[in-house]
Amino acid sequence: MPSLAPRPDLDSLPKYVPGRTIEGAVKLASNEVPGGPLPSVQAAITAAVTGVNRYPDNGSQALRERLSRRLDVPAERLAIGCGSVSLCQQMIQALCGPGDEVLFGWRSFEAYPIVVQVALATGVKVPLTPEHGLDLDAMLARITDRTKLVFVCNPNNPTGTVLHRDEIERFLEAVPPHVLVVLDEAYKEFVTDPEVPDGVEFTRTHSNVAVLRTFSKAYGLAGLRVGYAVAPEPIAQALQQVYVAFSVNSIAQVAAIASLDAEDELLARCREIISERTRVRDALLEMGYEIPPTQANFVWFPLGERTAAFAEHMLDRKLIVRPFPGEGARVTIGTPEENDLMLAAAKEFQAI
Ligand SMILES: *Cc1c(COP(=O)(O)O)cnc(C)c1O
């Protein structure tokens, strides 16, 4: 007799560990920005509330057109998703059949192996360089006839490291045309290094490059779930085909447009985070920590076996960080006050 049971392979699915939330603690675990929505964005959200008896626009047309003008990309090459995590999953569903291979650096964004396995594709994890960056040569060497997609997270979550234009150009020249390269640029707005390219430029010249962006980080809308892909037109259309109907809600669509309208103000807030990032990293280096150069809104502590103890130590001081036990801890840059608390606790940990 057949029996009712979920797919047995789901037991081996890696767990997505959301940053913990504890009453009264400082949350530096999920790479959110510390500031709430700007008054203009709040006003747009409030105004949109009156329409929630209606289904949202399934194609997010107004947002797509706004982004099309902003990025100078035809609307047909844009897909909006319920967060860019959803677009990662849609990419695989659109491109991969069972057993097809998806390549990514490791450690990189923890959602990649999960969405790969859910879609019954095969994830191929390629170790980072000793400097904690993506190893493009090693990734190239792992491409096979079964490879459909490569995720390149730039800056890389959780290490904050970046790839430069010339490195990506060389990689794209060598990647065979049957493989889609997905540049995940969730932290793009925090990048100050001029050698880091804008991935959208590659989508103008290559038919196998896509870019993922999100409103969750620099634009401060993590709770509303909206991101977008810039892709070759057939891929953007396929993303729409596997889209869960109406999953980008109407408030998210309106808030994303209002955030683009307020982009200057939001990017000014990012500049404060960027200057704090420099101050925090310098202070940690001074204390003797190894902290890779970061272009994102977080720092990576490659603490290896000391990681769990570090996270516990921080938690005792009401600071929530994101440990990857045995590897390292990722700590989001917060307000100057929050960062001072974190630095004081990190200094104590060094003395243990
Ligand atoms: C945070 C993050 C995302 C964005 O997630 P959303 O689903 O848009 O909130 C995508 N990629 C990486 C690497 C991230 O760190």
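The values are calculated or read from the model by the stated rules, or taken from the named source; none is laboratory data. Keep in mind that what you see is a predicted model, and the values were worked out from it rather than measured. Neighbour counts run over all protein chains shown; Cβ positions are idealised from the backbone, glycine included. Side chains included, ligands, DNA and RNA excluded: accessible areas come from the protein's heavy atoms. Shrake-Rupley method; radii C 1.70, N 1.55, O 1.52, S 1.80 Å.
Out of everything in the range 184-199 that is of a type outside the set (Asp, Glu) and under 25 Å from Glu110 (Cβ atoms), what residue ends up being most open to solvent (accessible area, probe 1.4 Å)?
To start, the set of residues in the range 184-199 that are of a type outside the set (Asp, Glu) comprises 186-188, 190-192, 194, 196-197, 199.
Subsequent filtering for residues that are under 25 Å from Glu110 (Cβ atoms) retains 186-188, 190-191, 196-197, 199.
Numbers: Ala186: 10, Tyr187: 5, Lys188: 63, Phe190: 0, Val191: 35, Val196: 21, Pro197: 9, Gly199: 0 Å².
Among those that are of a type outside the set (Asp, Glu) and under 25 Å from Glu110 (Cβ atoms), it is Lys188.
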Check your understanding: What are the residue pairs meeting all of these: first residue in the range 73-91, first residue in the same structural domain as Gly227 (by TED's automatic domain parsing) and more than 22 Å from Glu201 (Cβ to Cβ), second residue within 11 Å of the ligand (Cβ to nearest atom) and basic (Lys, Arg), Cβ atoms under 9 Å, and 6 or more apart or on different chains?
Key -> Cys82/Arg225; Gly83/Arg225; Val85/Arg225; Ser86/Arg225
Study note, to complete from the structure: Filtering the range 202-253 down to residues that are open to solvent by 20 Å² or more (accessible area, probe 1.4 Å), within 15 Å of the ligand (Cβ to nearest atom) and of a type in the set (D, E, K, R) yields Lys217, Arg225
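Can you tell me which residue in the range 302-334 is nearest to Ala283 (Cα to Cα), limited to those that are under 21 Å from the mean Cα position of the chain (by Cα) and open to solvent by 40 Å² or more (accessible area, probe 1.4 Å)?
Keep residues of the range 302-334 that are under 21 Å from the mean Cα position of the chain (by Cα), which gives 302, 320-325, 327-334.
Retained after the next criterion (residues that are open to solvent by 40 Å² or more (accessible area, probe 1.4 Å)): 325, 327.
Details: Pro325: 24, Glu327: 22 Å.
Filtering first and then ranking leaves Glu327.
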Practice item. Could you please tell me which pairs satisfy a Cβ distance under 6 Å, a separation of 6+ or placement on different chains, a first residue in the range 152-176 that is assigned by TED's automatic domain parsing to the domain that holds Val209, and a second residue that is open to solvent by 60 Å² or more (accessible area, probe 1.4 Å)? Key: His164/Glu195; Arg165/Glu195
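Residues checked against (1) outside the structural domain of Gly19 (by TED's automatic domain parsing); (2) under 21 Å from the mean Cα position of the chain (by Cα):
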residue: Arg204; (1), (2): yes, no
residue: Phe215; (1), (2): yes, yes
residue: Ala231; (1), (2): yes, yes
residue: Val244; (1), (2): yes, yes
residue: Val248; (1), (2): yes, yes
residue: Gln253; (1), (2): yes, yes
residue: Ile257; (1), (2): yes, yes
residue: Arg269; (1), (2): no, yes
residue: Leu284; (1), (2): no, no
Check your understanding: Which one is nearest to the ligand (Cβ to nearest atom), of the residues in the range 116-137 that are modelled with pLDDT of 95 or more and open to solvent by less than 30 Å² (accessible area, probe 1.4 Å)?
Key -> Leu134
Review point. For the range 22-55, which residues satisfy the criterion of being touching a strand residue (DSSP E or B) at 6+ places or on another chain (Cβ under 6 Å) and either without any contact (Cβ under 8 Å) to a residue 60 or more places away in the chain or within 16 Å of the ligand (Cβ to nearest atom) (or both)?
Key: Lys27, Leu28, Ala29, Asn31
